[in-house]
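The values are calculated or read from the model by the stated rules, or taken from the named source; none is laboratory data. Quick caveat: nothing in here was measured; it's all calculated off a predicted structure. Cβ coordinates were reconstructed from backbone atoms using ideal geometry, including for glycine residues, and neighbour counts include every protein chain displayed.
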């Protein structure tokens with residue numbers, strides 16, 4: 001075998017290869033063997049490694065062979081630094097005449113130490129990542145005459161790249177809600193004849209106010225999956241008049257509404273809980289604090305004073321007559337109200353039922369039931385993503401719902417849309433991993449690393465896969 005001189009342009013003479021089964025190898029027309037190929041992404045770079053076994057190459061003394069690796073996809077191409085193997089005379093000619101090949105990096109000459117030994121070169125180079133490279137093909141062109149010409153057919157496919165970053169997200173399965181407790185609540189501003197406690201359904205605003213209560217109760221009664229467990233009524237009177245009289249009115253009008261609901265629906269007496277507030281000073285204070293009344297500061301000081309209720313009311317009337325008249329007309333009617341709350345439970349659903357309920361009445365599902373529905377769909381599918389989108393709208397304050405919604409968006413690369421949910425996703429290791437992925441997708445690699453390390457320490461194995469793009473781990 002002729003002595004061979006190797007001139008090549010590399011970023012490094014060494015390359016990290018995974019320990020494992022021998023990878024595919026390719027023999028080129030020149031006799032060179034390419035093996036242990038590896039293409040991976042490291043932050044914003046694509047790293048290409050391979051081993052070139054040149055032992056079986058035959059290069060005429062006055063000739064050279066140029067091996068030109070390249071990445072190609074969708075009509076795009078990026079040529080990598082070439083490797084030139086020179087015969088002895090050609091090498092000496094270049095050395096004596098001080099000539100140098102054109103190259104994008106310094107050229108290096110290596111002499112074969114052993115004429116009959118194995119000559120292998122670890123080839124490693126990197127180039128700036130572009131999206132088209134995700135599924136690019138690594139090929140090797142051969143200039144067999146060293147004359148700058150690659151003839152048709154002198155190109156060998158080596159390996160298909162798969163370097164797209166596929167975020168690895170960790171979802172959280174919500175805790176099972178053993179008993180699904182829900183509630184509907186509202187306010188009824190019923191009108192009563194002066195100093196009376198009985199309800200006249202046709203008096204003034206009462207038809208509309210009672211209809212609001214009917215709608216709330218009917219919504220629950222007409223759903224076969226619901227069961228009412230309690231109806232709570234709390235009545236309020238306004239501060240004008242004596243405290244004793246107002247206490248009687250607030251209590252009596254609350255009981256009147258209870259009696260009205262019982263007679264309409266036939267509910268048992270034990271289903272109700274009632275309470276009353278004789279004078280709604282808290283509501284009055286809120287109204288004054290948010291008003292533009294000229295005497296607002298004085299009014300608030302009087303409302304917050306330690307005087308007994310009747311003394312306060314007389315002082316308001318006498319000290320601020322204009323403001324008091326405004327309050328009587330615009331504020332006091334709204335203070336006379338009855339708050340109602342209807343507590344109920346929702347039955348549990350097995351997963352097939354839950355899928356049907358999700359399409360029509362998603363509010364009837366618990367968070368864990370929605371999660372079970374999501375598991376029946378292909379991860380990343382439209383149905384899968386829709387479940388988490390609906391779940392976070394039904395449970396906007398749930399850290400688990402916010403995390404899972406963020407994960408579903410990050411799997412699509414939608415970092416901006418995921419951000420509001422990440423802010424409410426809590427401090428779990430799964431949330432740290434999701435935030436790290438978001439930063440990775442935005443190219444903020446140094447900020448992403450500590451979050452992924454935190455997630456990894458918390459036992460999130462997905463973080464280890466995400467971290468590889470930062471640390472070149474096999």
(request) Just give me the residues in segment 157-184 being exposed (fewer than 13 other Cβ atoms within 10 Å of the Cβ), out of contact with any helix residue (DSSP H, G or I) (no Cβ under 8 Å at 6 or more places or on another chain) and not in a loop (DSSP other than H, G, I, E, B), in sequence order. (result) 157, 181, 183
(message) Can you tell me which condition residue 336 does not meet? The list is (1) under 30 Å from residue 273 (Cα atoms); (2) out of contact with any helix residue (DSSP H, G or I) (no Cβ under 9 Å at 6 or more places or on another chain); (3) not assigned by TED's automatic domain parsing to the domain that holds residue 435, and all the others hold.
(response) (2)
(request) Would you check if there is a residue in segment 220-241 being in a helix (DSSP H, G or I), free of Cβ contacts under 8 Å to residues at least 24 places away in the same chain and either more than 14 Å from residue 188 (Cβ to Cβ) or in contact with a strand residue (DSSP E or B) (Cβ under 6 Å, 6 or more places away or on another chain) (or both)? (result) no
(request) Being more than 30 Å from residue 401 (Cβ to Cβ), surrounded by 12 or more Cβ atoms within 10 Å (Cβ to Cβ) and touching a residue at least 12 places away in the same chain (Cβ under 8 Å) narrows it down to one of 200, 154, 195, so name that one. (result) 154
(message) Given (1) surrounded by 18 or more Cβ atoms within 10 Å (Cβ to Cβ); (2) within 19 Å of residue 463 (Cβ to Cβ); (3) at pLDDT 95 or above, identify the lone condition not met by residue 440.
(response) (3)
(request) Return yes or no: is residue 254 touching a residue at least 40 places away in the same chain (Cβ under 8 Å), crowded, with 16+ Cβ neighbours inside 10 Å and not in a loop (DSSP other than H, G, I, E, B)? (result) yes
(request) For residues that are in a helix (DSSP H, G or I) and touching a helix residue (DSSP H, G or I) at 6+ places or on another chain (Cβ under 8 Å), scanning just segment 367-382, find the one that is farthest from residue 408 (Cα to Cα). (result) 369
(request) State whether the residues of segment 278-300 include one that is in contact with a strand residue (DSSP E or B) (Cβ under 6 Å, 6 or more places away or on another chain), in a loop (DSSP other than H, G, I, E, B) and within 18 Å of residue 184 (Cβ to Cβ). (result) no
(request) Among residues belonging to segment 381-412 that are touching a residue at least 60 places away in the same chain (Cβ under 8 Å) and surrounded by fewer than 21 Cβ atoms within 10 Å (Cβ to Cβ), point out the one that is farthest from residue 436 (Cα to Cα). (result) 398
(message) Need a quick list: strands (runs of 3 or more DSSP E) entirely within segment 49-139 having at least 2 residues that are at pLDDT below 75 and in the same structural domain as residue 155 (by TED's automatic domain parsing).
(response) 108-111
(request) Determine, yes or no, whether residue 423 is closer than 23 Å to residue 389 by Cα and exposed (fewer than 14 other Cβ atoms within 10 Å of the Cβ). (result) yes
